[in-house]
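Notes for the one structure printed next.
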């Protein structure tokens, strides 16, 4: 019997399980949401919660501990992007949303995501006018202005020709 034994083994040895937790946590921190099996999501949730709690402390000791676990980029994202969102919260930083079972083997799937999402200014700018669209709009304006100028010059030529005919 498994009395007082926390966590799931997930059919892996300890090193593989730890590596799985790390990579899934990195993906969650970078993307804000991951799709995985329900069992993995439930096993991963305490690991992520502890990392976010550590990142909220915002001191050099906490950052060094997080750097042991995650790459530098992920640590910066966690401390600068996600931790400030959860300053007022004492726990429950993630949620599990159940999905339809996977078709191939019927395993229950789930989304594991952060409860709060940061508002990205870049996304707001992109939704207004994307960079490529700006270029195409400028090109269209230039071509339309060239056409208008061409029309003016051709009409000016036509009027000049008409004036010469009248004079002659």
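Miscellaneous remarks
- Flag for residue 78 being in contact with a helix residue (DSSP H, G or I) (Cβ under 8 Å, 6 or more places away or on another chain) and closer than 19 Å to residue 119 by Cβ: yes
- Conditions (1) modelled with pLDDT under 95; (2) surrounded by 16 or more Cβ atoms within 10 Å (Cβ to Cβ); (3) within 24 Å of residue 7 (Cα to Cα); number of the one not met by residue 79: (3)
- Residues that are more than 15 Å from residue 44 (Cβ to Cβ), over 17 Å from the mean Cα position of the chain (by Cα), touching a residue at least 12 places away in the same chain (Cβ under 8 Å) and not in a loop (DSSP other than H, G, I, E, B), drawn from the range 63-97: 63, 66, 86
- Residue list for the range 51-65, restricted to those being touching a helix residue (DSSP H, G or I) at 6+ places or on another chain (Cβ under 7 Å) and within 18 Å of residue 91 (Cα to Cα): 51, 52, 54, 55, 56, 58, 62
- Each residue in the range 7-61 was checked for being more than 25 Å from residue 101 (Cβ to Cβ) and without any contact (Cβ under 8 Å) to a residue 12 or more places away in the chain, and 10 pass.
- Checking residue 115 against (1) within 30 Å of residue 5 (Cβ to Cβ); (2) out of contact with any strand residue (DSSP E or B) (no Cβ under 6 Å at 6 or more places or on another chain); (3) modelled with pLDDT under 95; (4) surrounded by 11 or more Cβ atoms within 10 Å (Cβ to Cβ), the condition it does not meet: (2)
The values are calculated or read from the model by the stated rules, or taken from the named source; none is laboratory data. Here the structure is a predicted model, which means the values were calculated and not measured. All Cβ positions, glycine included, derive from the backbone under ideal geometry; neighbour counts span all protein chains shown.
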